[in-house]
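Note sheet for the following structure.
Bear in mind these aren't lab numbers, they're just calculated from the coordinates by the rules spelled out. Just so it is clear, the structure is predicted and the values come from calculations on it, not from any experiment. All Cβ positions, even for glycine, are placed from backbone atoms using ideal geometry, and neighbour counts span all protein chains on display.
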Amino acid sequence: MSDQSREEYRLQGAGVSPGIAHGVIHVVRDDGDDVPRHTIKASQIPDEIGRFEAALIKTRMQILEMQQRIAESIGAKDAGIFDAHLLVVEDRTLIDEVLRKLDKDRCNVEWVFQEVATSYADTLSKIDDPYLRERALDIQDVTKRVIRNLLGKAPKPFLALTDPHILIAHNLTPSDTAMMNRERVLSDSKACALDLVRAGYRPPAPRTDIPAPGENILAALKMGVHLMRQGEYITEYEVKLATKIAEVLCGGNITPGTPVSEQYILDLEREGFKSLCGEKKTQERIQYTLKTGKTLRN
């Protein structure tokens, strides 16, 4: 063995696992700054929007998979930490701002999305509210996942490691740790949880007093959907999709102003999403978007 191969390197950091370990080191590098930027033509904007929609769909499916995995291993309550991640990929304010900036700046959508999402996260992180600061971390985590999907990157290599190893990283996101080998990261998970407690983290209290729009607004939305179908602006299956979305937005067919909880709305959304995923036409749409990056109207 040459002297060069035996050269010693020292890395200094905070150990999250107790004791002394000897083994192969795997360094996790943050590739969040490797997002390319290039200009596009106006004619390319629809294709970029299609790529963006496909990445959001794929990201949502990945989050649901992680949530299911956590629910089966340690319980549904702990899996609830990914509810906030689902809200990020559905945030119309965030999505609309990405589309507006895409049209204005004429740059590739992954760069635009990173700019908008980073700006949102930075703003929330400066607000003197623990709940909103935690949402900033959620946005950062989801942003990295969406960008990886946009760039067509494979899952992070360290997630596939099976042999014992020492992991070195500047930061591991909740989604990273959720997908790691559970048998090898127990001490890491405990240490991360303790770090959060020391930093003053407290789980935000879910709201239980959200006034539901209820049956009146639901009836108005359904009438609007009916008129769009009559005018042949949407397909028959899109009537079904729009109706399901309207039911979630209105909190179901209940008395207007009825207080409902976040969990109630989330349960409505999850039921609607799962039921639609069982429809052949929904599956055709997902497959088409993942293959072509475009939207299927069926």
When R133, R92 are ranked with the fewest other C-beta atoms within 10 Å first, the list becomes R92, R133
Can you return the lysines within cross-link range of K104? Criterion is Cα-Cα under 16 Å, with same-chain partners fewer than 8 residues away left out.
K41
What is the order of L268, L102, fewest Cβ neighbours within 10 Å to most?
L268, L102
Packing-based exposure ordering (other Cβ within 10 Å, fewest first) of D209, D195:
D209, D195
Find how many whole Å separate the alpha carbon centroid of the range 192-227 from the alpha carbon centroid of the range 44-59.
26 Å
